[in-house]
Ligand SMILES: Nc1ncnc2c1ncn2[C@@H]1O[C@H](COP(=O)(O)OP(=O)(O)OP(=O)(O)O)[C@@H](O)[C@H]1O
Ligand SMILES: [Mg+2]
């Protein structure tokens, strides 16, 4: 089974708060993997690190063997890395299908139809 995603020594501090401490994980292609832990354990921070929403203080992220640690979010999306959001009502008027499309960088409707998805007010 091929390794799809790997983290090496991934670390993120918010001030003095350690949100991710030397995370070394390997995710295999074709395997559904869950991250579980108590509130504040660092799950969302870890997802943010994988997607590029948050930059690590240390460590590397490898996707299909390529170092993507410094890639911007949109470049990771183009490689097939997408996410959904913990708070699902950011765009309350988006359809069920529109929200994952948004989080994967896909089409989410035009500016007039969904101004909140384009940085404007509804
Ligand atoms: N933007 C931020 N600024 C400062 N501290 C943060 C920030 N984001 C997260 N933290 C802190 O980092 C730690 C990990 O938070 P994170 O949200 O990643 O945990 P979580 O496992 O997703 O929690 P939950 O189960 O509540 O969603 C917590 O102590 C949190 O308070
Ligand atoms: Mg969370």
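Report the Stokes-Einstein translational diffusion coefficient (µm² s⁻¹, integer) for the range 3-78, Rh taken as the Kirkwood radius over Cα pairs, at 4 °C with viscosity 1.567 mPa s. For these conditions, the coefficient is 102 µm²/s. Report note on the peptides 59-66, 23-30: ranked by the mean count of other C-beta atoms within 10 Å, highest first, their order is 59-66, 23-30. Note on 5, 10: ascending count of other Cβ atoms within 10 Å places them as 5, 10, the fewest first. Once C-alpha pairs closer than 8 Å and six or more residues apart are averaged by separation and normalised to the residue number of the range 3-78, the relative contact order reads 35 percent. The fewest-to-most ranking of 53, 74, 48 by surrounding Cβ atoms within 10 Å reads 74, 53, 48.
Coordinate-derived values only; no laboratory data. If you're wondering where the values come from, they're calculated on a predicted model, not measured in any experiment. Here Cβ is always computed from backbone atoms with ideal geometry, including for glycine, and neighbour counts include all displayed protein chains.
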